[in-house]
């Protein structure tokens, strides 16, 4: 895969993650459930991550701050699941 293709795919993934976050934001507005707010934040962190990868180039995706963004997104997803399960008790 060429560098230009990697940059284009990174930009597309960033846009799609942002749109997924918008869907979760809409569900949060409709239901008021914090679960969807956590997922909104997680997908927006992933959008920033993919945008950062597209900006610095796919060959430099091993930079620590990009890993921290992904870690933050996955931690938010785990917190959303834990929060949802604890509230239903």
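Values in this text are rule-based calculations from the coordinates and carry no lab data. Keep in mind that this is a model prediction, so the values were computed, not measured. Glycine also receives a Cβ, built like all others from the backbone with ideal geometry; neighbour counts cover every protein chain displayed.
So that you can scan it fast, the table gives a plain yes or no per residue for (1) touching a residue at least 40 places away in the same chain (Cβ under 8 Å); (2) in a loop (DSSP other than H, G, I, E, B); (3) surrounded by 15 or more Cβ atoms within 10 Å (Cβ to Cβ); (4) in contact with a helix residue (DSSP H, G or I) (Cβ under 7 Å, 6 or more places away or on another chain):
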{"site": "14", "(1), (2), (3), (4)": "yes, no, yes, yes"}
{"site": "17", "(1), (2), (3), (4)": "no, no, yes, yes"}
{"site": "24", "(1), (2), (3), (4)": "no, no, yes, yes"}
{"site": "50", "(1), (2), (3), (4)": "yes, no, yes, yes"}
{"site": "72", "(1), (2), (3), (4)": "no, no, yes, yes"}
{"site": "78", "(1), (2), (3), (4)": "no, no, no, no"}
Could you list all residues from the range 26-48 that are surrounded by 13 or more Cβ atoms within 10 Å (Cβ to Cβ), in a helix (DSSP H, G or I) and over 13 Å from the mean Cα position of the chain (by Cα)? 27, 28, 34, 35
